[in-house]
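The values are calculated or read from the model by the stated rules, or taken from the named source; none is laboratory data. It should be emphasised that the depicted structure is a prediction, and the values quoted were computed from it without experimental measurement. Here the Cβ is made from the backbone with ideal geometry for all residues, glycine too, and neighbour counts use every protein chain on show.
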Amino acid sequence: MLAATPAARPLAADLPDCERPESFAARELPSGSAPRIVLLQGSLGLVTMEPLGAFLAAMGYPARQLADPRTGVMTTDSDLDGRLLAGMLAWQTEHDGVRPMIVGHSKGGGVVIDTLRALAGLRGSDVAVVDPRTGNAEPRDRFTDPVTRRATPVTELRLPYAAAIATGRMPRILRGQFELARVLREVPDSAERFTGFTIPFDPIAGAFAGDEDPYVATGSAKVRNVVLPAATSHIGAPLTEHLARDVATRTWIERYRPGGSQPWPEGPDTTNLVLAAELWYDVKRAWCAEAQRAAQAQRGG
């Protein structure tokens, strides 16, 4: 995968206000600056992240940047070590010219935290660059930063956005991941923004109340905790594709802003609407910001 050519990059001044994602459509953003999004599925395998990938693609996100380079499908197995995925993200940054995002469901959310810890150097300083097309590590622990053009340690890569959906400590303990369970709610600076989604009374995640176990930043990361409706299915949370197909729910999502008060759409199936709207808001904002960052770097170069 090659980095977007300079001709494909717009000027920063031509881009919309990234802090108001509800004010612009995906078509106003350059597809060549869309970051790769790693969609990490849960462990049960009954529902992968393909429906969520299909939702994002239907909303206007470039499908090529949602597909796993190894399989070509819009979901990634969560049997990944955080150090390995961190190396893949560094490779992707170098080749795309923009920094990737990661979103994990259930067990996949645990991989998100493990990866952020690896990127922050909390799992060792010698994290190798990994080719995501093969899964093979390269004999180097530095990647070329597309902005500074300098060889940068993998452990200095900061992602624009990461999210974990319905991820609990209890399953990590049952799997013997005691250290990960201990730090599961701690978000290091390797993510600039992070959203943690919890479902009240979610027995699979071990959440027996509301948001009694919120995610917290260990430094400067901007962390938000979103408590989803109690009726949300743990297994079915990624099922969002239908929301992009219906005009009413699609319009609601496009106009959504956290903390807003727009009326709830009446009539269509609104299952997982809050999750979809929150994710689309943050993904669109990060896409815009990465396009702006790439344009500014090109102009400075």
Exercise for the section: Could you please let me know if residue 271 is out of contact with any helix residue (DSSP H, G or I) (no Cβ under 6 Å at 6 or more places or on another chain), modelled with pLDDT of 95 or more and either farther than 23 Å from residue 59 by Cα or assigned to a helix (DSSP H, G or I) (or both)? Expected result: no
Practice task
Among the residues of the range 175-193, count how many are free of Cβ contacts under 8 Å to residues at least 40 places away in the same chain and not in a loop (DSSP other than H, G, I, E, B).
Solution key: 4
Handout entry: In the range 214-227, residue surrounded by the most Cβ atoms within 10 Å (Cβ to Cβ) [restricted to those that are small (Gly, Ala, Ser) and assigned to a loop (DSSP other than H, G, I, E, B)]
Key = 221
Handout entry: Number of the condition not met by residue 98 [criteria: (1) among the aliphatic types (A, V, I, L, M); (2) surrounded by fewer than 18 Cβ atoms within 10 Å (Cβ to Cβ); (3) part of a loop (DSSP other than H, G, I, E, B)]
Key = (2)
Completion exercise
Selection from the range 186-207 of residues under 13 Å from residue 114 (Cβ atoms) and of a type outside the set (Val, Ile, Thr) yields 186, 188, 190, 191
Handout entry: Residues of the range 193-217 classified as modelled with pLDDT of 85 or more and out of contact with any Phe, Trp or Tyr (no Cβ under 7 Å at 6 or more places or on another chain), total
Key = 13
Completion exercise
Checked pairs for the range 56-71, first farther than 26 Å from residue 256 by Cα, second of a type in the set (S, T, N, Q), C-beta under 8 Å and 6 or more apart or across chains, list as 68/75; 68/76; 70/134
Practice task
Working only within the range 157-201, note down all residues that are over 16 Å from residue 110 (Cα atoms) and surrounded by 17 or more Cβ atoms within 10 Å (Cβ to Cβ).
Solution key: 157, 159, 160, 193
Practice task
For residue 64, state whether it is of a type in the set (Lys, Arg), in contact with a helix residue (DSSP H, G or I) (Cβ under 6 Å, 6 or more places away or on another chain) and either surrounded by 21 or more Cβ atoms within 10 Å (Cβ to Cβ) or on the phi < 0 side of the Ramachandran plot (or both).
Solution key: no
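Residue-by-condition table, conditions (1) charged (D, E, K, R); (2) touching a residue at least 12 places away in the same chain (Cβ under 8 Å); (3) within 20 Å of residue 102 (Cα to Cα); (4) surrounded by fewer than 16 Cβ atoms within 10 Å (Cβ to Cβ):
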position	(1), (2), (3), (4)
237	no, yes, yes, no
267	no, yes, no, yes
270	no, yes, no, no
281	no, yes, yes, no
Exercise for the section: Please enumerate the residues belonging to the range 132-174 that are closer than 13 Å to residue 87 by Cα, outside any strand (DSSP E or B) and of a type in the set (S, T, N, Q). Expected result: 134, 155
Practice task
For residue 291, state whether it is surrounded by 19 or more Cβ atoms within 10 Å (Cβ to Cβ), modelled with pLDDT of 95 or more and not in a loop (DSSP other than H, G, I, E, B).
Solution key: yes
Completion exercise
Residue pairs within 6 Å by beta carbon, gap of at least six or interchain, first lying in the range 144-163 and more than 18 Å from residue 124 (Cα to Cα) and touching a residue at least 12 places away in the same chain (Cβ under 8 Å), second of a type in the set (Val, Ile, Thr) and surrounded by 21 or more Cβ atoms within 10 Å (Cβ to Cβ), listed first then second, are 162/102; 162/112; 163/103; 163/195
Practice task
Tell me, please, whether a residue that is within 23 Å of residue 290 (Cα to Cα), surrounded by fewer than 24 Cβ atoms within 10 Å (Cβ to Cβ) and among the charged types (D, E, K, R) can be found in the range 75-93.
Solution key: no
Exercise for the section: Inspect all residues belonging to the range 202-213 and state whether any of them is of a type outside the set (A, V, I, L, M, F, W, C), assigned to a helix (DSSP H, G or I), on the phi < 0 side of the Ramachandran plot and surrounded by fewer than 15 Cβ atoms within 10 Å (Cβ to Cβ). Expected result: no
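Conditions tested, residue by residue: (1) assigned to a loop (DSSP other than H, G, I, E, B); (2) among the aliphatic types (A, V, I, L, M); (3) within 21 Å of residue 245 (Cβ to Cβ).
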site: 39; (1), (2), (3): no, yes, yes
site: 46; (1), (2), (3): yes, yes, no
site: 56; (1), (2), (3): no, yes, yes
site: 68; (1), (2), (3): yes, no, no
site: 80; (1), (2), (3): yes, yes, no
site: 85; (1), (2), (3): no, yes, no
site: 91; (1), (2), (3): no, no, no
site: 110; (1), (2), (3): no, no, no
